[in-house]
Amino acid sequence: MPFLSQKFNLQKRVKLAQGLWMLYWLAVIVGIILFSLGIFFKIELRKRSEIMDNNESHLVPNLLILVGMLSCGLNAFGGKLCHDSLDPQKFSKMKPMLRPYMLLCCGFNALLLLLVLLSFLMQFAVYLTLAEGLKNAIRFYKDTDTPGRCFMKRTLDMTQIEFRCCGNNNFRDWFEVQWISNRYLDMSNDVVKDRVLSNVEGKYLMDSVPFSCCNPGSPRPCIQHHLTNNSAHYDYDHRTEELNIWNRGCRQAVFSYYSGIMNSIGALLIFTIILE
Amino acid sequence: MAVGKITFTKTEREKLAEVLWLLNWISVVTGAILFGLGLFLKIEIQKWQEVMSEQGILYVPHMLITTGLAACGINYLGSKICLDCADTNKFLRWKLVMMPYIVCTFFFTACVLVGALMCYSIRSQLEEALYLGLRNTMRFYKDTDTPGRCYLKKTLDLLQIQFQCCGNTDYRDWFQIQWISSRYLDMTNSAVVDRVRSNVEGKYLMDSVPFSCCSTLSSRPCIQHNLSNPGAHAHYDERSQQLNLWRRGCQQALLDHYTGIMQSIGLTVLLIWLFELLVLTGVRYLQTAMENVIRLGDPESESEGWILENSLAETACYNFSIIKSLGKCYQVDDDPNINVPTAAANQEVPSAQVQVNVTS
């Protein structure tokens, strides 16, 4: 008993072949888009690998590139198949290749489905690597003289400026870390010495943030130091002041950027599955 | 002596018409490109128009936009004309329009050249506009509560961060203006009051800069205050001072940015001008060739095409005399029908006595 059987006369067969040929070429274009999206995502991950501890997984973009190329190849072949199917001679030559081609297409669709699941699930992995990477980045902010970490300051400053965020969860992360190197502290100064000694680990902690946390949209010049001390600044209440520095944490900001990319990749892949 | 005379056979004329039709369509595309370039320049200038003092520089993108639209229209008409020119009968339709069309296209091509040259010559005007504009913006940096100026702080901060610059010519420009509003100054503090009083105009001046001047390339946390006193900071040596803030002035940074854009646009417009000139020359040859064919009467024969019928000097004289005579419509010197008494004729020539035989 055939499943979902349909009757086709010559006219309908020709129309079907033509329609399928167009759809196959549309699918090739979508394959090219997937390929370029994969490359774009890979470049974005590479750009910010420093704040992700160089630990990020490139599984999704690599698979996306592979899927893009496969899609182009398979769909171009399918288009040629449709074009030849109208000619009985050419079709009889193609006939033995049809069954393996259909099986290959089914396998390809399964791969697409797997990729959709991955692109939604890997967001958790990105979140976790970001959390870990940002924590380390803040810790190594002051180590501009250590090889391997000397660009951490620049990267973190540019990230905070670009994504309009401050710290890992929020700006208070900077209070728990010594972000001014000992090279630039005047150790003969009593105030400095007291502060270092008052800390168990001998760290110079302050309630200040770097300049990259400053919000240009604030109506008053940026207050970076003594953030929790209302009396240190004229007409300043740290509990109600919202515009002075960025309130968002960088983990949240960078993660929403990447999850946006991954969600659009997932949506495009679902569209591709339907098309296939 | 015609300028640039070439003889065309019938097939050559038809080929010329086809090629010109194609070239005119390509010119429509380049006209659209010109329009796009003008639009892009307008958007780029408007992005930072708050730090420029006058809007006089907007005439360059406006010129490019109008020329681009004119190019699309003129070349579309040109393609229609060239398509019909292959056939002598259809050419008769356009015969009267051709000459004005060519004159119009010639002036339009001159406009394109002017547009390209303007792109290169605008630098000095831009420099002046940027200097004055940045000076005013820095002066109004603190006025975030004054309507009309409340976004100047944000604009200037974003400008300094994006273009990696500080101040007008140098970071020291910030030392000469009060960039902290009096709203945030504690006037009961004696140090503050002393500083305000020590200045002639009552301004609170400091040797500090805003945070947006801080360089991200520095290896130490940014030093914004007490900049003229290096000893106030620990281990603040020459190298640290070099890397601490952005060294370039924003006037220079913006000037370089816009000059780069304008130079590339200028180059593209020059290339488009050369292309338009080529198309114009081709259309002129086609027009003269077709007119000569009609004059000769035989559509199959060869005909000559030229750029100018007589030499350049003669054509110039002829055109000048036309323009001169335009103003002389009421002067009757040359009209043979009116009897103007000349000096010779004023001598009374005794009229011959007509003998009238009066028959009595």
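The values are calculated or read from the model by the stated rules, or taken from the named source; none is laboratory data. Remember, predicted model here, so these are calculated numbers, not experimental data. Every residue, glycine among them, receives a Cβ derived from its backbone with ideal geometry; neighbour counts consider all protein chains shown. SASA here: full protein model, heavy atoms, side chains in, ligands and nucleic acids out. Shrake-Rupley method; radii C 1.70, N 1.55, O 1.52, S 1.80 Å.
In terms of its C-alpha gyration tensor, the protein assembly as shown comes out oblate, because a/c is 1.5 or above while a/b does not outweigh b/c. The mean number of Cβ atoms from other chains found within 10 Å of a Cβ in peptide A:217-226 is 6, as a whole number.
Order B:Trp21, B:Trp179, most accessible first, counting only protein heavy atoms with a 1.4 angstrom probe.
If we order B:Trp21, B:Trp179 from most to least accessible, we get B:Trp21, B:Trp179.
What do you get for trypsin sites (Lys or Arg not before Pro) in the range B:87-182 restricted to DSSP loop and a cutoff of at most 11 other Cβ within 10 Å of the site's Cβ?
Values: sites: B:Lys90, B:Arg93, B:Lys95, B:Arg123, B:Arg135, B:Arg139, B:Lys142, B:Arg149, B:Lys153, B:Lys154, B:Arg172; in loops: B:Lys142, B:Arg149.
Passing both the DSSP loop test and the Cβ count: no residue.
Rank B:Trp48, A:Ser71, B:Tyr76 by how far each Cα sits towards the positive end of the charge dipole of the protein assembly as shown (+1 on Lys, Arg Cβ; -1 on Asp, Glu Cβ) and give me just the farthest. The one lying farthest along the dipole's positive direction is A:Ser71. The residue list A:Tyr258, B:Leu58, A:Met152 was ranked by how far each Cα lies along the charge dipole of the protein assembly as shown toward its positive end, using unit charges on Cβ atoms, and A:Tyr258 comes out on top. Computed with a 1.4 Å probe over protein heavy atoms only, the accessible area of B:Thr281 comes to about 50 Å².
Summing Cβ point charges (Lys, Arg +1; Asp, Glu -1) relative to the Cα centre of chain B gives a dipole of roughly 1340 debye.
Amide H contacts for A:Ile245 (H built 1.01 Å from N in the peptide plane; partners 5 or more residues away or on another chain; cut-off under 5 Å): A:Asn215.
Over chain B, Cα pairs under 8 Å with separation of 6+ residues give a relative contact order of 25 percent.
Rounded to the nearest 10 square angstrom, B:Leu92 shows an accessible area of 100 square angstrom against a 1.4 Å probe.
Taking the Cα centre of the protein assembly as shown as origin and charging only Cβ (+1 Lys, Arg; -1 Asp, Glu), how large is the dipole, in debye to the nearest 20? Can you show the working numbers first?
Values: 59 positive and 57 negative charges, 473 e Å.
Approximately 2280 debye in magnitude.
The Rg/Rh ratio for the range A:171-247 is 1.00, where Rg is the radius of gyration of the alpha carbons and Rh is the Kirkwood radius.
If you keep only loop residues by DSSP, which GluC sites (Glu not before Pro) in the range B:1-84 have at most 16 other Cβ atoms within 10 Å of their Cβ?
Taking the range B:1-84 and a limit of 16 other Cβ atoms within 10 Å, the loop GluC sites (Glu not before Pro) found are B:Glu54.
Candidates A:Pro96, A:Gln11, A:Asn109 compared by Cα position along the dipole of the range A:1-118: farthest toward the positive end lies A:Gln11, with charges placed on Cβ.
Note on surface exposure: B:Tyr171, B:Tyr258 rank B:Tyr171, B:Tyr258 by accessible area, highest first, 1.4 Å probe. Sorting B:Leu296, A:Leu26, B:Leu159 by accessible area puts them as B:Leu296, A:Leu26, B:Leu159; the probe is 1.4 Å, largest comes first, and only protein heavy atoms count. The mean sequence separation of alpha-carbon pairs under 8 Å and at least six residues apart, normalised by the residue count of chain A, gives a relative contact order of 21 percent.
Restricting the range A:1-56 to trypsin sites (Lys or Arg not before Pro) that sit in a DSSP loop and have at most 16 other Cβ atoms within 10 Å of their own Cβ leaves A:Lys7.
Return the subset of B:Lys47/B:Lys153; A:Lys135/B:Lys154; B:Lys42/B:Lys153 for which the Cα-Cα distance in this structure is over 20 Å, preserving the input order. Intermediate values should be presented prior to the final figure.
Working: B:Lys47/B:Lys153 15 Å; A:Lys135/B:Lys154 30 Å; B:Lys42/B:Lys153 23 Å.
Check vs 20 Å cut-off fails for A:Lys135/B:Lys154; B:Lys42/B:Lys153.
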